[in-house]
1. Would you be able to say whether some residue in the range 220-234 is assigned to a helix (DSSP H, G or I) and of a type outside the set (Ser, Thr, Tyr)?
2. Taking the stated definitions as given, is Glu113 over 17 Å from the mean Cα position of the chain (by Cα), at pLDDT 95 or above and farther than 23 Å from Ile225 by Cβ?
3. Looking only at the range 9-68, which residues are over 24 Å from Ile153 (Cβ atoms), of a type in the set (A, V, I, L, M) and surrounded by 13 or more Cβ atoms within 10 Å (Cβ to Cβ)?
4. Looking at this structure, is Thr189 of a type in the set (S, T, N, Q), under 29 Å from Val149 (Cα atoms) and modelled with pLDDT under 85?
5. Which ones in the range 128-142 are basic (Lys, Arg), surrounded by 16 or more Cβ atoms within 10 Å (Cβ to Cβ) and either touching a Leu at 6+ places or on another chain (Cβ under 7 Å) or in a loop (DSSP other than H, G, I, E, B) (or both)?
6. Asp125 is checked against (1) closer than 21 Å to Ile26 by Cα; (2) within 17 Å of the chain's Cα centre (by Cα); (3) at pLDDT below 95 and fails just one. What number does that condition carry?
7. Scan the range 132-149 residue by residue and report those that are touching a residue at least 12 places away in the same chain (Cβ under 8 Å) and over 13 Å from the mean Cα position of the chain (by Cα).
8. Identify all residues within the range 149-179 that are more than 17 Å from Thr122 (Cα to Cα) and not in a strand (DSSP E or B); write none if there are none.
Amino acid sequence: MSKGKLQKFAEMETFKNVFQYPFSVISEVPFGMKGSWREQYFHNDNPIVLELGCGKGEYTVGLARVYPDINFIGVDIKGARIYTGARQALEGGLDNVAFLRTSIEVIDRFFGEDEVQEIWLTFSDPQMKNVHKRLTSTFFMERYRRFLVDGGIVHLKTDSNFLFTYTTYMVQANHLPVLYRTEDLYGNTLEGDRAAAHLMDEKTREILGIHTYYENQWIDRGLDIRYMKFRLPQAGVLVEPDIEIELDDYRSYKRPKRSGLTTSR
């Protein structure tokens with residue numbers, strides 16, 4: 001680990017808005033604030049929204065600035081990334097922001113029943129080779145159900161046609177209510193499809209100005225940004241869609257090169 005990362009990790013130990021529980025820790029020590037984030041940390045009764053795979057926390061911090069009456073928690077396993085957003089939140093005096101460094105695979109160990117109102121998935125790795133690692137798979141959806149309110153909202157914002165298509169089939173197979181869906185978020189709202197733009201509520205419009213580090217890279221490369229939000233009821237058995245999906249024909253930054261396969265489930 002580089003000296004810079006070590007310094008960031010050491011500094012984060014002093015950040016009051018960062019909780020570090022990698023799997024090696026949470027497997028041994030229960031998380032004391034599970035079910036009581038509002039009482040023990042935020043000290044209010046406001047809704048809680050998670051950003052899973054928050055990276056540098058641009059969305060977590062950006063949303064917290066727009067909505068001071070909502071509590072936001074960014075989750076990522078990469079501490080060096082979280083450092084950026086956590087420091088910005090502290091310097092900006094944002095008391096409605098927290099960051100949790102842990103594996104999303106064990107996210108249900110940190111939140112109690114009905115404790116969270118919404119989840120944001122921003123530019124998640126599409127995990128084209130392993131369905132169980134996709135953040136919109138049944139593996140993760142079942143975990144979200146353990147702490148998301150009944151009918152809570154899941155937002156997906158992605159450059160990946162593969163992940164967006166998979167999630168579309170996932171939602172259809174399980175009859176999940178879709179509140180909004182577009183394959184060209186900025187084209188629909190800024191230039192072209194006025195009918196689609198008309199369906200977008202004011203809350204969604206406000207967040208369009210918040211771009212993540214990776215989102216700006218995709219936009220610079222001329223890629224369309226896809227967005228969907230849907231409700232996740234607690235009742236019913238979730239099933240995986242049985243369909244072959246064409247793989248993305250480009251490689252994301254810093255991700256290993258794909259195999260010669262052209263489709264995946």
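The values are calculated or read from the model by the stated rules, or taken from the named source; none is laboratory data. On a predicted model such as this, the values are computed, not experimentally measured, just so you know. Neighbour counts run over all protein chains shown; Cβ positions are idealised from the backbone, glycine included.
1. Pass one, the range 220-234, residues assigned to a helix (DSSP H, G or I): 220.
Now narrow it down to the ones that are of a type outside the set (Ser, Thr, Tyr): 220.
Yes; the residues of the range 220-234 include at least one that is assigned to a helix (DSSP H, G or I) and of a type outside the set (Ser, Thr, Tyr).
2. Details: over 17 Å from the mean Cα position of the chain (by Cα): yes; at pLDDT 95 or above: yes; farther than 23 Å from Ile225 by Cβ: yes.
Against the criterion (over 17 Å from the mean Cα position of the chain (by Cα), at pLDDT 95 or above and farther than 23 Å from Ile225 by Cβ), Glu113 qualifies.
3. Hits for the range 9-68 are Met12, Val18, Ile26.
4. On the way: of a type in the set (S, T, N, Q): yes; under 29 Å from Val149 (Cα atoms): no; modelled with pLDDT under 85: yes.
No.
5. As a first pass, look at the range 128-142 and keep what is basic (Lys, Arg): 129, 133-134.
Now narrow it down to the ones that are surrounded by 16 or more Cβ atoms within 10 Å (Cβ to Cβ): 133-134.
The one that is basic (Lys, Arg), surrounded by 16 or more Cβ atoms within 10 Å (Cβ to Cβ) and either touching a Leu at 6+ places or on another chain (Cβ under 7 Å) or in a loop (DSSP other than H, G, I, E, B) (or both): Arg134.
6. Asp125 satisfies all of (1) closer than 21 Å to Ile26 by Cα; (2) within 17 Å of the chain's Cα centre (by Cα); (3) at pLDDT below 95 except (1).
7. To start, the set of residues in the range 132-149 that are touching a residue at least 12 places away in the same chain (Cβ under 8 Å) comprises 134-138, 140-149.
The answer is Ser137, Thr138, Glu142, Arg143, Arg145, Arg146, Phe147, Leu148, Val149.
8. Within the range 149-179, Tyr169, Met170, Val171, Gln172, Ala173, Asn174, His175, Leu176, Pro177 meet the criteria.
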